[in-house]
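The values are calculated or read from the model by the stated rules, or taken from the named source; none is laboratory data. The model shown is predicted, which means the values in this text are computed figures rather than measured ones. Neighbour counts run over all protein chains shown; Cβ positions are idealised from the backbone, glycine included.
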């Protein structure tokens, strides 16, 4: 599934690009705008495990096997289809506004009624943060005339809690205020 044609992601540098222009990622932007701060040791420790978890989930979606013994990954693999038995599953799907921001949605489930967006959190579930993150992804997807996919729902999969939390998205106007500081006319 390609929801951001022309947007590329440099995995080594963790950079998003579109037509020669570097775009900002969403996670850092949302953290900064919400005033969330993390020390370097915390980020380093959690980044490595987070990368492993996301790669394992991506392998599971693409090949059927996560090749991981991580308990959170094993739980997700065992429960996802019980929670969401129908639809096509995609992982690490790029989304963008094509001017300033880009990111990858951890999991997208395409059903007959539309898309369900999932964000995987391996640690503490911070509803406000995840709500903004998934609301931005929803706006990017629905704002593209060529995409043609309505977003039917948003969910945070919290591996620590072993829970699927429904997320009720913010309005497009609120997303624009957060990202651009104004409401588009």
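Test of understanding: among 137, 101, which residue is farther than 23 Å from residue 60 by Cβ and under 14 Å from the mean Cα position of the chain (by Cα)? Before you say what the answer is, go through the steps one by one.
Values: 137 fails: farther than 23 Å from residue 60 by Cβ.
When all the criteria are applied, what remains is 101.
Identify all residues within segment 22-37 that are without any contact (Cβ under 8 Å) to a residue 12 or more places away in the chain and in a strand (DSSP E or B); write none if there are none.
Restricting attention to segment 22-37, the residues satisfying the condition of being without any contact (Cβ under 8 Å) to a residue 12 or more places away in the chain are 22, 28, 32, 35, 37.
Listed by number, the list holds a single entry, 22.
Would you mind stating whether residue 11 is surrounded by fewer than 16 Cβ atoms within 10 Å (Cβ to Cβ) and modelled with pLDDT under 95?
Working: surrounded by fewer than 16 Cβ atoms within 10 Å (Cβ to Cβ): yes; modelled with pLDDT under 95: yes.
Answer is yes for this residue.
For residue 143, work out the one condition from (1) within 23 Å of residue 9 (Cβ to Cβ); (2) out of contact with any helix residue (DSSP H, G or I) (no Cβ under 6 Å at 6 or more places or on another chain); (3) in contact (Cβ under 8 Å) with a residue 60 or more places away in the chain it doesn't fulfil.
(3)
Would you confirm whether or not segment 66-73 contains a residue that is closer than 16 Å to residue 119 by Cα and in contact with a helix residue (DSSP H, G or I) (Cβ under 9 Å, 6 or more places away or on another chain)?
Yes.
So residue 47 clears everything in (1) farther than 20 Å from residue 167 by Cβ; (2) in contact with a strand residue (DSSP E or B) (Cβ under 8 Å, 6 or more places away or on another chain); (3) free of Cβ contacts under 8 Å to residues at least 40 places away in the same chain except one condition, right? Which one?
The failed condition is (2).
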